[in-house]
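Enquirer: Here's a structure for you.
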Amino acid sequence: MADDPKDEAEVERLTKPTLVNCLQCPLCCDILFSRSQHDMRFCSCGALAVDGGPALEKISGDVTVVRMVKSFALFLPQTPRELHTDYALRRDAYGLIKLPRLKTRTKSKIKR
Ligand SMILES: [Zn+2]
């Protein structure tokens, strides 16, 4: 079965990482990408949205924020089909990566 070139091609397709173009919102720090052609994803604060699929066709949102962001590529272990299914079935497991907020201390709380 594994000797069949069709199976090998299928295995490679299913295990090949997916390249997605992402944006990071400068306000809420969420990383977002569009999982499918009609998938419009907003960040948590709503200032930024992406649409048009993993190739990042459209960016929308607050004009000031949109001017500040730059897209970057990210490899995902999920296949394009898994990303589309996640979108189509509204599972929403992918498309938004929330980074943990860094805790900052104010000057008055620093013990000497
Ligand atoms: Zn945001």
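Values in this text are rule-based calculations from the coordinates and carry no lab data. Only a predicted model underlies this, so the values are computations on that prediction, with no experimental measurement involved. Because the Cβ atoms are built from the backbone with ideal geometry, glycine has one as well, and the counts that use them run over all protein chains shown.
Enquirer: Can you give me the distance in nm between label points at Glu57 and Asp4, each placed 7 Å from the Cα along the Cα-to-Cβ direction?
Expert: Computed distance between label sites Glu57 and Asp4 equals 3.4 nm.
Enquirer: Work through the residues other than Gly52 whose Cβ is under 13 Å from its Cβ and net out their charges, Lys, Arg +1 and Asp, Glu -1. Numbers along the way, then the final one.
Expert: On the way: positive: Arg35, Arg41, Lys58; negative: Asp39, Asp51, Glu57.
The answer is 0.
Enquirer: Moving on to the next point. Set the Förster distance to 25 Å, then compute FRET efficiency between Met68 and Ala93 from the Cβ-Cβ distance, nearest 0.05.
Expert: In this case the efficiency is close to 0.35.
Enquirer: Label points 7 Å out from Cα along the Cβ direction at Leu19 and Cys45: separation in nm?
Expert: Modelled inter-label distance: 3.1 nm.
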